[in-house]
Amino acid sequence: VSRQLKEEIRRGFARLEDPLAGLLAMLENSSDWKGKGHSLGYCITTELQLWIKVHPAVPQSGTKLKKLQARVLRMLSQCPANLLDPLISIYQLHTADRNYLLEHVSHLYLQGNYKEAAILSIKLKLQPDQDVEKMCTPLLLQDKANLVEEYVAEYPELQRKLLQTLDSWCDPSFNISDITRPYQGLSKYKPEKFNRRVLSKLVFRLLERFNVDSALCPNVINQRHLRTLNYLFYKRFVEKTMTEENWADHIQSTVGENRWLQGHLVQSLLRHCDARGAARWAQHCRVPPEMLPQAVAQELQKLHIQDRVEEVKKADNYELIKKKDYYQLPIPRENIHFLQTWEETLQCWEKVLQPGQVVGVDMEWKPSFGMVGKPRVALLQLALKDEVFLLDLPRLLEQAEAEGEKEKLPHFIQMLYSDAAITKLGYGMSGDLSSLAATCSALKDTEKQMQGVVDLLAVDKQVDGLSPEHIHEERGVRQPEKGLSLLVQHVLGKPLDKTEQLSNWEKRPLREEQILYAASDAYCLLEVYERLCKDPESFGLGSDLTDSLVGKQSKKPRAKKQLNKQEAPSPSGQECQGPRTEPSRPPAPISPQEFSVVCDNMLQGLGRYLRCLGVDVRLLDNEDDHRRAAEIARQEGRVILTSGLPYQTLRSQVGEGRCFSVNCSEKAKEQALQVLKHFNVQVSLGDIFSRCQ
């Protein structure tokens, strides 16, 4: 609104004997304010609200104000949302007779203006004097759950009443049509949005938002547990992708001592097992004998040790099949460390927080099966080349809090993620970090601060032929691989064994299968990364993986534009922050005899070519780790020549300008010309073959 118009409006108010009555008369005789947006009526109303603050003598009182309040109340049901607060403030509706206000809202409700009645009730804070079920039912039928949330937002007692009402509607014996029948003619009625499934989701959302004890809603909780129970039976007996111990853990934690769920467990057992199998599981899950059918109860009495012997034989066979079909950890079992004390963890951090380190990072949590809240991380896995550390996060956080140092573990985790000199490998890092933030609030900004991360989830969209169908060979009825398992199969030849994925990761002690699964999930990231670095082109990836993968999860804007394919990525281009500047003067010319380099193991062709031109070259062997290049460079004063992702790791370990990223898609001759030009190496006829025997 222009300043001139505002001044004109204020002068108009000053000339009026009764500005409040004047505004009301104007609004009653105009309709422009009824539309959405900033109408002239809206501008005049908000200006009066500001003007009254400067002229406190203006507000009315007594009978005159009551008459104005009665007139403005009639208008409020037609008001756009942006006019409600200014009008309520100007005409002091919060001071009006409460019964009169309730009567007015009730009149709106009886006319079928349910939304308007609810909004006005919220604005005038009338909810404690209203029937929450009566006010909210028509709103839910019109799919206005957000308005229902707002209606109870500030009133814990109403939240509980609403949740109990919704839970009673989710009782399997309740007839939902009993609620809907009185509202058959309701405008904007959406019956498809009003069923137990939708109501159940709403209950869980409200439980989480208002932090209410879920015991208040037994019907919804039982139904959710029943769906979990059915899902677990499907995973174990139909899909056959869950181990026996894993399945039993979840069944016990889902059913517990709940008689209703125990009854459903027995029915499901009889559908999927014979009487003997049902008896064995009923015993394992501590189902009271009186709940079992006679045939199962009889079998329960016959159970003896032979069952266990058979199971051990089956488990041995299963292990042999797993070794043949799935990815196996290449490090010995004693190199997997389960850490539960701060002293053990300090030794881990000393090894992990080393410049140039490459760390595979993964996390595990107990599956929620659709329950309330974000999952809390139960295990943090950190894999290095020779060992894997499994951190018992709940125990370590509890220990640190007991010692009054609850910030020390988050501090180390933040140091790891924010250190650009340490390469962190993950798969779907964003999800892991949001669970980490839910576990420890001090880590909520980790994702914004992280540097030097490689999220291999980004590879999924780039690797050639990476689809479940592409690699669904003769593996019987097993489910096709997906996610990280599919990537591991494509790059390393065998998929991950995911049978422990849905384990109860909060239960201690962890089973041996869980420990091996957790270590494999983190360690395989190192092997995938190394293979992609050595031979990106055979997987359909660009020669310089750095641009496509490193820091992909970071929300910060990229400092530089993606390089053109034909443009060689130079160290100055990769190291500088902010926009690229004009290149500085080239270095002083040197001869090949004065130029010493160490070539990474994917650049052996380049190394041999440079040696033919008289350059002092050392080549890494195929089995050498990339970090060996940094050791040689520091000891012998050499420049590192590398390509792709290792550039990120190596450049932080040597002086500025002492690590150069070569375009891997070029032939050795073009690569050599690129290196010579960058370092201003002048080759004479006498240099050629000068180092050849």
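Looking across the range 492-530, the residues that are in a loop (DSSP other than H, G, I, E, B) and charged (D, E, K, R) come down to 494, 497, 498, 500, 506, 507, 508, 511. Evaluated against (1) open to solvent by 20 Å² or more (accessible area, probe 1.4 Å); (2) within 45 Å of the chain's Cα centre (by Cα), residue 86 falls short on exactly one condition, (1). Test residue 350 against the criterion of being over 21 Å from the mean Cα position of the chain (by Cα), assigned to a loop (DSSP other than H, G, I, E, B) and surrounded by fewer than 17 Cβ atoms within 10 Å (Cβ to Cβ), and give yes or no. Answer is no for this residue.
When each of 71, 11 is tested for being open to solvent by 90 Å² or more (accessible area, probe 1.4 Å) and not in a loop (DSSP other than H, G, I, E, B), the lone residue that passes is 11. What about residue 122, is it modelled with pLDDT of 90 or more, under 26 Å from residue 10 (Cα atoms) and open to solvent by less than 40 Å² (accessible area, probe 1.4 Å)? No. When residues in the range 383-430 are screened for being under 13 Å from residue 352 (Cβ atoms), touching a Gly at 6+ places or on another chain (Cβ under 7 Å) and of a type outside the set (D, E, K, R), 5 of them pass. On the basis of being touching a strand residue (DSSP E or B) at 6+ places or on another chain (Cβ under 9 Å), surrounded by fewer than 22 Cβ atoms within 10 Å (Cβ to Cβ) and more than 21 Å from residue 531 (Cα to Cα), does residue 627 make the cut? No: the conditions fail for residue 627.
In the set (1) at pLDDT below 90; (2) open to solvent by less than 40 Å² (accessible area, probe 1.4 Å); (3) more than 21 Å from residue 509 (Cβ to Cβ), the condition left unmet by residue 313 is number (2).
For the subset of the range 664-691 comprising residues that are among the small types (Gly, Ala, Ser) and farther than 15 Å from residue 617 by Cβ, which member is surrounded by the most Cβ atoms within 10 Å (Cβ to Cβ)? Walk me through it before giving the result.
Our first condition is that a residue be among the small types (Gly, Ala, Ser); within the range 664-691, this holds for 665, 668, 672, 684, 686, 690.
Subset that is farther than 15 Å from residue 617 by Cβ: 665, 684, 686.
Numbers: 665: 15, 684: 11, 686: 11.
So, considering only residues that are among the small types (Gly, Ala, Ser) and farther than 15 Å from residue 617 by Cβ, the one surrounded by the most Cβ atoms within 10 Å (Cβ to Cβ) is 665.
Of the residues making up the range 568-606, those that are modelled with pLDDT of 80 or more and open to solvent by less than 20 Å² (accessible area, probe 1.4 Å) number 9.
If the condition is being in a helix (DSSP H, G or I) and open to solvent by less than 40 Å² (accessible area, probe 1.4 Å), then the range 439-450 contributes 439, 442, 443, 446, 447. Checking the stated criteria, residue 188 turns out to be under 14 Å from residue 114 (Cβ atoms), of a type in the set (D, E, K, R) and at pLDDT below 90.
Taking the criterion of being among the acidic types (Asp, Glu), modelled with pLDDT of 90 or more and closer than 20 Å to residue 522 by Cα, would at least one residue in the range 413-421 satisfy it?
Let us first name the residues in the range 413-421 that are among the acidic types (Asp, Glu), namely 419.
Filter once more, keeping what is modelled with pLDDT of 90 or more: 419.
Okay, now just the ones that are also closer than 20 Å to residue 522 by Cα, so 419.
The answer is yes; a qualifying residue exists.
Output the residue which, of all residues in the range 270-287 that are assigned to a helix (DSSP H, G or I) and over 15 Å from residue 298 (Cβ atoms), is least open to solvent (accessible area, probe 1.4 Å). If you could, list the steps in order and put the result at the bottom.
Start the filter on the range 270-287 by keeping residues that are assigned to a helix (DSSP H, G or I), which leaves 270-272, 275-284.
Restricting the remaining residues to those that are over 15 Å from residue 298 (Cβ atoms) gives 271-272, 281, 284.
Details: 271: 155, 272: 74, 281: 14, 284: 73 Å².
Of everything passing the filter in the range 270-287, 281 is least open to solvent (accessible area, probe 1.4 Å).
Picking from residues in the range 402-433 that are closer than 20 Å to residue 644 by Cβ and touching a Leu at 6+ places or on another chain (Cβ under 6 Å), the one that is least open to solvent (accessible area, probe 1.4 Å) is 425. Each residue in the range 357-414 was checked for being polar (S, T, N, Q) and either under 20 Å from residue 333 (Cβ atoms) or in a strand (DSSP E or B) (or both), and 1 pass.
Being among the aromatic types (Phe, Trp, Tyr), closer than 28 Å to residue 111 by Cβ, touching a residue at least 12 places away in the same chain (Cβ under 8 Å) and open to solvent by less than 20 Å² (accessible area, probe 1.4 Å): is that true of residue 151 here? The answer is yes for residue 151. Of all residues in the range 174-207, those that are at negative phi and within 37 Å of the chain's Cα centre (by Cα) total 21.
Answer yes if at least one residue in the range 53-64 is modelled with pLDDT of 80 or more and open to solvent by less than 80 Å² (accessible area, probe 1.4 Å), and no otherwise.
Step one: filter the range 53-64 for residues modelled with pLDDT of 80 or more, giving 53-54, 63-64.
Now narrow it down to the ones that are open to solvent by less than 80 Å² (accessible area, probe 1.4 Å): none.
No, the range 53-64 has no match at all.
For the range 214-226, indicate whether the set of residues that are polar (S, T, N, Q), closer than 24 Å to residue 499 by Cβ, open to solvent by 30 Å² or more (accessible area, probe 1.4 Å) and touching a residue at least 40 places away in the same chain (Cβ under 8 Å) is non-empty. The answer is no, given that none of the residues of the range 214-226 is polar (S, T, N, Q), closer than 24 Å to residue 499 by Cβ, open to solvent by 30 Å² or more (accessible area, probe 1.4 Å) and touching a residue at least 40 places away in the same chain (Cβ under 8 Å).
The values are calculated or read from the model by the stated rules, or taken from the named source; none is laboratory data. In this text, all values refer to a predicted model and were calculated from it rather than measured experimentally. In this analysis, Cβ positions are derived from the backbone assuming ideal geometry, glycine residues included, and neighbour counts consider all displayed protein chains. Ligands, DNA and RNA are stripped out before the accessible areas are found, and what is left, the full protein with its side chains, is counted by its heavy atoms. Shrake-Rupley method; radii C 1.70, N 1.55, O 1.52, S 1.80 Å.
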